[in-house]
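Worksheet: the structure to be examined is printed underneath.
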Amino acid sequence: METRGVLIRLLRPADIAAAMRLKEAAGWNQTEQDWANLLELEPQGCFALEVDGVLASTTTVTCYGHELAWIGMVLTAPEYRGRGFARRLMEHALEYLAQRGVAWIKLDATDMGRPLYLKLGFEDEAPIERWALEAAPRLESPPAAEFLFDPVLDREAFGADRRAVIQRLRRWEAVALPGRGYAMGRPGSKAFYFGPCVCRDKEAARTLLVCLLSRHPGQPVFWDILPRNQAALRLAQEFGFQPRRRLVRMVRPGSSEAPPLAHNDALVYGIAGFEYG
């Protein structure tokens with residue numbers, strides 16, 4: 001799509017450096033590798049809007065089969081805001097998902113983005129909060145098994161099959177307690193990121209949290225939590241995390257015949273990231 005120097009096209013690996021500048025302007029935590037992951041997962045679903053050859057806006061899509069898709073990295077450079085670029089990319093992404101036949105679409109909305117998403121048919125589902133720890137304490141790592149992904153548990157928690165995402169995120173740090181849950185962590189540009197974490201009980205989540213925090217003493221840590229899981233909030237408070245940001249998880253059906261999408265937030269002790277869900 002091209003109008004007076006404005007071009008909507010696929011986001012490419014060659015755009016990552018420019019996309020990082022948009023991310024830095026927003027103060028977000030993603031790294032170049034995070035952008036690369038998104039492009040690997042959905043190369044036909046990550047979009048760029050450029051103005052006279054300059055990257056001005058981005059939007060990414062991650063599809064979990066035909067059941068669910070997640071929209072993320074909705075960014076516009078400060079000098080291009082207020083010109084409707086985010087809306088144009090969102091409409092482009094929604095058209096792509098309609099062609100894919102995805103039943104449900106979700107995203108985690110900032111205060112700035114939420115009014116646009118409401119206009120595009122999204123509805124509030126639940127609040128979501130970022131908690132931050134200035135410096136991870138020195139901890140002795142408890143025993144935890146090598147990572148073993150439980151797709152049944154994860155589907156019960158998340159509502160869709162996200163094995164492809166998990167396979168990429170496990171490249172960094174991943175630990176598990178067989179039959180009880182798993183947790184992952186990865187580097188960020190501002191802080192170590194704890195998540196996703198899916199567990200059947202708080203004590204399992206505590207063990208896995210300590211296991212990962214013990215590897216990063218003195219480092220800042222981010223942890224994104226669904227407040228519906230009160231056990232996760234209490235755990236964050238216990239370890240000295242403080243609330244930093246509050247967003248809204250939003251949802252939109254991909255069609256009028258979308259079947260119900262079941263998920264269990266009580267099992268979600270940490271999301272995979274605002275860009276993944």
(request) Would you point out the residue of segment 21-60, among those that are among the aliphatic types (A, V, I, L, M) and under 21 Å from residue 194 (Cα atoms), that is surrounded by the fewest Cβ atoms within 10 Å (Cβ to Cβ)? (result) 36
(request) Check segment 216-236 and report whether any residue there is of a type in the set (D, E, K, R), touching a residue at least 12 places away in the same chain (Cβ under 8 Å) and in contact with a Pro (Cβ under 7 Å, 6 or more places away or on another chain). (result) no
(request) Kindly indicate which of 106, 119 is surrounded by 20 or more Cβ atoms within 10 Å (Cβ to Cβ) and either more than 23 Å from residue 38 (Cα to Cα) or not assigned by TED's automatic domain parsing to the domain that holds residue 205 (or both). (result) 106
(message) For segment 63-83, give me each residue that is within 22 Å of residue 21 (Cα to Cα), out of contact with any helix residue (DSSP H, G or I) (no Cβ under 9 Å at 6 or more places or on another chain) and not in a helix (DSSP H, G or I).
(response) 81, 82, 83
(request) Determine which single condition residue 26 fails, assuming it passes every other condition in (1) more than 16 Å from residue 93 (Cβ to Cβ); (2) in contact (Cβ under 8 Å) with a residue 60 or more places away in the chain; (3) not β-branched (Val, Ile, Thr). (result) (2)
(message) Whether any residue in segment 243-254 is in a strand (DSSP E or B), among the basic types (Lys, Arg) and touching a helix residue (DSSP H, G or I) at 6+ places or on another chain (Cβ under 7 Å) is what I want to check.
(response) no
(request) Starting from residues that are in contact (Cβ under 8 Å) with a residue 12 or more places away in the chain and assigned to a loop (DSSP other than H, G, I, E, B), keep the ones in segment 140-156 and report whichever is surrounded by the fewest Cβ atoms within 10 Å (Cβ to Cβ). (result) 140
(request) Those residues that are acidic (Asp, Glu) and buried (at least 16 other Cβ atoms within 10 Å of the Cβ), I need them from segment 157-196; list them, please. (result) 173
(request) Select from segment 97-139 the residues that are within 30 Å of residue 211 (Cα to Cα) and in a loop (DSSP other than H, G, I, E, B) and list them in ascending order. (result) 134, 135, 136, 137, 138, 139
(message) Whether any residue in segment 210-219 is surrounded by 15 or more Cβ atoms within 10 Å (Cβ to Cβ), within 16 Å of the chain's Cα centre (by Cα) and among the aliphatic types (A, V, I, L, M) is what I want to check.
(response) no
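The values are calculated or read from the model by the stated rules, or taken from the named source; none is laboratory data. Everything numeric in this text was worked out from a predicted model, so none of it was measured. Here Cβ is always computed from backbone atoms with ideal geometry, including for glycine, and neighbour counts include all displayed protein chains.
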